[in-house]
1. For the stretch 1-86, which trypsin sites (Lys or Arg not before Pro) are both in a DSSP coil and crowded by at most 10 other Cβ atoms within 10 Å?
2. Please give the contour-minus-distance gain from LYS61 to LEU80: 0.36 nm per residue of separation, less the Cα-Cα distance, rounded to one decimal in nm.
3. Extending each Cα 7 Å along its Cβ direction at VAL21 and ASN33, get the distance between those two points in nm, one decimal.
Amino acid sequence: MAELVERIITSQTVSKSLVIVATRSIEGSHLKNSLSAALEKHLPKDPVARAAAEREVTAFKTLFPKGMVTKGHGLVFNVLGRRISVEYDGARIGEIEAAFVAESFVRLYLGHPPATQDAKENIVRGLERGFHSVLQH
């Protein structure tokens, strides 16, 4: 399963959507700062690649609501190849082309160590069911 997860994370053709639902009302800036800090922990060591990734993280910060994210509402992060777009309450906030951010954001949830083990296990179980069903047809 680890190989399948890695292929999904790095795939340029598999569309991935991750939803973050607010368990309490929270400022969009808090989510932006928390997720950006998590991405920054994985910046490349090479100075040229690091500078490019830092620019991508700066662009990523534009994809968050300016005000409150209401309890029970979710941000939908859609990743396809190098593109990542964000929706809130059905409205598209924006989209950027950012290879480092797109892969690293998915890796936060599916990689090792994941953001939360429960989330990773639930996602992987869903992937297993989906792939087994596709392979059987």
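1. Counting only loop positions with at most 10 other Cβ atoms within 10 Å, the trypsin sites (Lys or Arg not before Pro) in the stretch 1-86 are ARG24, LYS41, LYS45, LYS66.
2. Difference between extended and current length: 5.0 nm.
3. 2.6
Any read-out appearing in this document is the output of simple, stated calculations on the displayed coordinates, not a laboratory observation. All values derive from a computational prediction rather than experimental measurement. Note that we place each Cβ from the backbone using ideal geometry, even for glycine, and neighbour counts take in every protein chain shown.
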